[in-house]
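The values are calculated or read from the model by the stated rules, or taken from the named source; none is laboratory data. Please read all numbers here as calculations on a predicted model, not as lab measurements. No Cβ is skipped: glycine too gets one built from the backbone with ideal geometry, and neighbour counts run over all protein chains shown.
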């Protein structure tokens, strides 16, 4: 650590002094990296936060007077700067669901020192990724992501049926960025100790079950309804639909490359949540975002440059930041974080990140005619990717895109 960098402040909270002593002893090796404090109970933790706010708080769940979920909810509201980790061996589902909103990260007891260290290190790294402190604090403070009203209504109708269809529920969720991100968030964390991480809403719904999905959507308070105008809601719906197509094409490209089933799923997942950051930027300041987009319409710059000029960050970074907080797999985070601007040092093999980059470029021409689509080739950074893919593949990628678009058209027409 450089001498001009301050240590990250980490606050550990438990109502048992013996547990705190054990944590202090086991984490001694991190004392040169972290400024660690230890609070016996929620009230002492809040007093410490008043004196000096923590960058990250790690709290036990089951405590008297105020449990960990209530403590982290108070911290969320009063100290948005702080990232929040819940540490608990209390497994009642209603208690777990209570932590979905206020906690960024969930660690289940028994939990090793290595698990705790890795979780904190991950959050420290993600904090450095977004330089705009205001937007980082805004993202930290979010409890609900805005969902498309018509889709929320459609989902509630299906969930309230006597026998809701898993396939229908998953299909509705897949058409909304916020619903998809929140659903996959559960299966990409230790909330329910699931056997593997889902990369599609259908996998998530099958793993979690209809009852849990119903509780998350209807009672956990993590799904909000978009409050903007009808035109803005339609714009959000188009964004969600575009992400769905991007994710599907990214999977198709990975399958064409014969990548593993896991990598194909990661590419699909990254595509579907690739514009989570756009949703967050629009939610943080819709008018400012629209002004930034107007500069694009006026031909004054590229999307990422316009966002950087306006927010000192971009939708790639803020989206990857949130996925990192929520415990998504690193290949998904990297793919989202670089889907418009590939990092040369990481281009060592065909990967979900490379597939997503190619997919987001090609999907710009989803509704173009074949002659127009040829121009997409010039939008790809061949200098960066030519050692991994051949220009001859471009026609194959176009075939995958148009096959996907044709299938969707037939479905929309009820064929």
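Report yes if residue 243 is closer than 13 Å to residue 358 by Cβ, surrounded by 15 or more Cβ atoms within 10 Å (Cβ to Cβ) and touching a residue at least 12 places away in the same chain (Cβ under 8 Å), otherwise no.
no
Residue 196 - would you say it is outside the structural domain of residue 330 (by TED's automatic domain parsing), in contact (Cβ under 8 Å) with a residue 12 or more places away in the chain, surrounded by fewer than 20 Cβ atoms within 10 Å (Cβ to Cβ) and touching a helix residue (DSSP H, G or I) at 6+ places or on another chain (Cβ under 9 Å)?
No.
Please find, within the stretch 245-289, the residue that is nearest to residue 203 (Cα to Cα) out of those that are in a loop (DSSP other than H, G, I, E, B) and under 13 Å from the mean Cα position of the chain (by Cα).
Start the filter on the stretch 245-289 by keeping residues that are in a loop (DSSP other than H, G, I, E, B), which leaves 257-260, 273-275, 285.
Next, from what is left, pick out any that are under 13 Å from the mean Cα position of the chain (by Cα): 273-275.
Working: 273: 15, 274: 19, 275: 21 Å.
Looking at residues that are in a loop (DSSP other than H, G, I, E, B) and under 13 Å from the mean Cα position of the chain (by Cα), I get 273.
Please tell me if residue 225 is in contact with a strand residue (DSSP E or B) (Cβ under 8 Å, 6 or more places away or on another chain) and either closer than 28 Å to residue 101 by Cα or without any contact (Cβ under 8 Å) to a residue 40 or more places away in the chain (or both). Can you show your working first?
Values: in contact with a strand residue (DSSP E or B) (Cβ under 8 Å, 6 or more places away or on another chain): yes; either closer than 28 Å to residue 101 by Cα or without any contact (Cβ under 8 Å) to a residue 40 or more places away in the chain (or both): yes.
So residue 225 passes the test.
Yes or no: the stretch 140-163 includes at least one residue that is free of Cβ contacts under 8 Å to residues at least 40 places away in the same chain and closer than 24 Å to residue 329 by Cβ.
Within the stretch 140-163 (the criterion being free of Cβ contacts under 8 Å to residues at least 40 places away in the same chain and closer than 24 Å to residue 329 by Cβ), the answer is no, since none of the residues qualifies.
Is it the case that some residue within the stretch 134-143 is more than 21 Å from the chain's Cα centre (by Cα) and either closer than 26 Å to residue 213 by Cα or not assigned by TED's automatic domain parsing to the domain that holds residue 328 (or both)?
For the stretch 134-143, residues more than 21 Å from the chain's Cα centre (by Cα) and either closer than 26 Å to residue 213 by Cα or not assigned by TED's automatic domain parsing to the domain that holds residue 328 (or both): absent.
Which of the helices (runs of 4 or more DSSP H) contained wholly in the stretch 303-415 include at least 2 residues that are without any contact (Cβ under 8 Å) to a residue 40 or more places away in the chain and farther than 20 Å from residue 265 by Cβ?
On the way: elements: 303-311, 315-325, 330-337, 352-362, 370-373, 382-385, 393-412.
Counting at least 2 such residues, we get 303-311, 370-373, 382-385, 393-412.
Tell me whether the stretch 46-56 contains one or more residues that are more than 26 Å from the chain's Cα centre (by Cα), buried (at least 22 other Cβ atoms within 10 Å of the Cβ), within 17 Å of residue 16 (Cα to Cα) and assigned by TED's automatic domain parsing to the domain that holds residue 110.
No.
Table: residues versus (1) more than 30 Å from residue 394 (Cα to Cα); (2) surrounded by 15 or more Cβ atoms within 10 Å (Cβ to Cβ); (3) not assigned by TED's automatic domain parsing to the domain that holds residue 100.
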site	(1), (2), (3)
272	no, yes, yes
281	yes, yes, yes
303	no, yes, yes
340	no, yes, yes
346	no, no, yes
